[in-house]
Amino acid sequence: MIALGAHAEFIISAYAGVFLGLAALIGWTVLAARQTKRRLEELGDNQRSNGSAQ
Amino acid sequence: MSGFISVLTREIRLSLRGGGEVLTLVLFFVIVGAIVPFAVGPDKVLLARIAPGIVWIAAFLAMLLGLEKLFGPDRADGTLALYRLADLPLSAVVGAKVIAHWLTSALPLILASPVLALLLAMDGETFWRMVLSLLLGTPALAGFGAIGAAITVATRRGGLLAPILIAPLSVPVLIFGVGAISASGGPDQAQAAALLLAALSLMVVVLSPFAAALAVDWGED
Amino acid sequence: MTIDTTPKMTWWNRLSHPGQFVALTRPLILPLALLTGVLFAAGLWYGFFSSPPEKYMGDTVRIMYVHVPTAWLSQFVYATMAVSALGTLVWRHPMADVSMKAAAPLGAAFTAMALFTGSLWGRPTWGTFWEWDGRMTSTLVLLFIYLGIVALWRAFDDQLRAARVVAIFTLVGAVNIPIIKFSVDWWSTLHQPASVFRADGPTMPGEILTPLFVMFFAFTFLFITLQLAAMHTEVRRRRITTLERRAARGEA
């Protein structure tokens, strides 16, 4: 890792904050997708609008 | 045209009947302005410097109060449904409502503004600039208010949502409104701000009835 | 002679059918996600190991590689929402509703990130976390508009009705954002004539432009991937609502 100079803490916290934000965003998207898929299976969706062509 | 005028007079008569509402609004406006010195201290120089901002914040908050009454009661008693079916275009009805809203909730504030000017140690010249600025800027607030009220009329918690939606849109009104009063940037800047404020008001007043009517119409069925 | 009234299955028609839309765009998600991952890896490598510190700002210039892309997305996502709003109002395109709804929280998140990195960049370069500078202030107002839109979506039960009302507000906001930007610029120059640091001032050397461009595309592709995934989720959510309503009616 290279030295980040006098303001390393700002650079690291900026990247850490963005990383956490992106991780939360991706996690939330994936979680919501899983939940809706599971709920659709529970409901016994026969139209298959959740996947491959009809 | 006669339909437009009858909607206008109906709206004005409804808000003046009882008489209490307009008075409450004016009282709120004066109290918000008068409570600031208690928070920042009775320093006359400081008060005179921030007076334009205080007056505009008080006017902005006071105009938010009447928003729920703009479409809410009409929707509850079915008048709004009748308006949608009327020969008069809905945008004209909303336009009449915007004018009535301005007449009953902005004009009284401007008439009461000398009280605040006195309390906040404004000098005479600043006072007249403030009256001009309020006259030019409050139509834009009424227009934005109509949009916010129309958008939230069909929702469950509209009363809280409308101010949240309108506040960011009203940023330019507050900036140019205060800019037109305070002489910090020199007289040129104040005049430029007043002209920009007038342009903004004109645009909002012309466009908002159409946007609000569309929102009322499509929020219903 | 008969007139053929069956709708043609053009790509436009296929896109406007939610199930068809999902089926068409589903295979895109995995490649897009992989591309995003590769771009992020390359961007981070360029940003930290292959670019020198900048002459005036030193190493803090590395914050720019996450700040500029998020700031760009904060406006690009609003543009996406505004175009989708037009799609809802003018063509009544069903997927435009879905796209609008999926984009709003993403835009709010990217705008918040732009503000966060901007203030962390501002502390070492300007000496303060928050400066009432034109660009930061208008980004803050934009964040409020995004949050208002998210709140408006949640206030409606019927999502089809919500879509049309939100579309109107989105377009009102789109007309207003340039005015807000102009007024905030006017206001900030009035109150602080001493101009603060401007990133568009000096031309940037290539070593800094490369990681910036790679990160720019990485963030943009990340948005496209998340947008598509969120749209698929929203399509499924509507299907769930329909099925639940049907089940409730059947049992009642």
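Descriptive notes on the structure:
- Projecting the Cα atoms of B:His101, B:Leu65, B:Leu116 onto the dipole axis of the range B:2-220, where Lys and Arg carry +1 and Asp and Glu carry -1 at the beta carbon, places B:Leu65 farthest toward the positive end.
- Residue by residue along C:128-141, Cβ atoms of other protein chains within 10 Å of the local Cβ number 1 on average.
- Shape call, the protein assembly as shown: gyration tensor on alpha carbons, a/c limit 1.5: oblate
- Normalised contact order of the range B:2-220, rounded percent, pairs of Cα under 8 Å and 6 or more residues apart: 27 percent
- Of B:Lys69/C:Lys101; B:Lys97/C:Lys181; A:Lys37/C:Lys181, pairs whose Cα-Cα distance is over 32 Å: A:Lys37/C:Lys181
- Rounded tilt (10° steps) of C:64-86 against the dominant C-alpha axis of chain C: 30 degrees
- Placing unit charges on the Cβ atoms only, positive for Lys and Arg and negative for Asp and Glu, gives the range B:63-139 a dipole magnitude near 140 debye about its Cα centre.
- Magnitude of the charge dipole for the range C:30-251, about its Cα centre and with charges confined to Cβ atoms of Lys, Arg (+1) and Asp, Glu (-1), is about 820 debye.
- Cut-off 14 Å (backbone N to label point 7 Å along Cα→Cβ of C:Val175), residues of the range C:66-95: C:86
- Here the protein assembly as shown is treated with +1 on each Lys and Arg Cβ and -1 on each Asp and Glu Cβ, and its dipole about the Cα centre works out to around 1260 debye.
- Ratio Rg/Rh, restricted to the range C:30-251 and using Cα atoms, in which Rh is the Kirkwood radius: 1.04
- A convex hull fitted to the Cα coordinates of chain B yields 116 cubic angstrom per residue.
- Helix-only arithmetic for the protein assembly as shown: the sum of -39500 (n - 2.57) across DSSP H runs with n ≥ 4, divided by the residue total, places the mean residue ellipticity at 222 nm at -28000 deg cm²/dmol.
- Charge-dipole axis of the protein assembly as shown as Lys and Arg at +1 and Asp and Glu at -1 on Cβ define it, positive-most pick from A:Leu40, C:Leu35, B:Ala211: A:Leu40
- Ranked by the mean number of other Cβ atoms within 10 Å of their residues, highest first, the peptides B:165-173, C:214-222 fall in the order B:165-173, C:214-222.
- Neighbouring Cβ atoms from other chains, within 10 Å of the Cβ of residues in C:175-182, number 5 on average.
- DSSP H segments from chain B that extend 27 Å or more along their own axis, Cα-based, with Kyte-Doolittle mean of 0.0 or above: B:20-40, B:44-65, B:124-152, B:186-220
Since every read-out is calculated from the coordinates, none of them should be taken as a lab result. This is a predicted model, so every value here is computed, not measured. Heads up, the Cβs are rebuilt from the backbone with ideal geometry, glycines too, and the neighbour counts pull from every protein chain shown.
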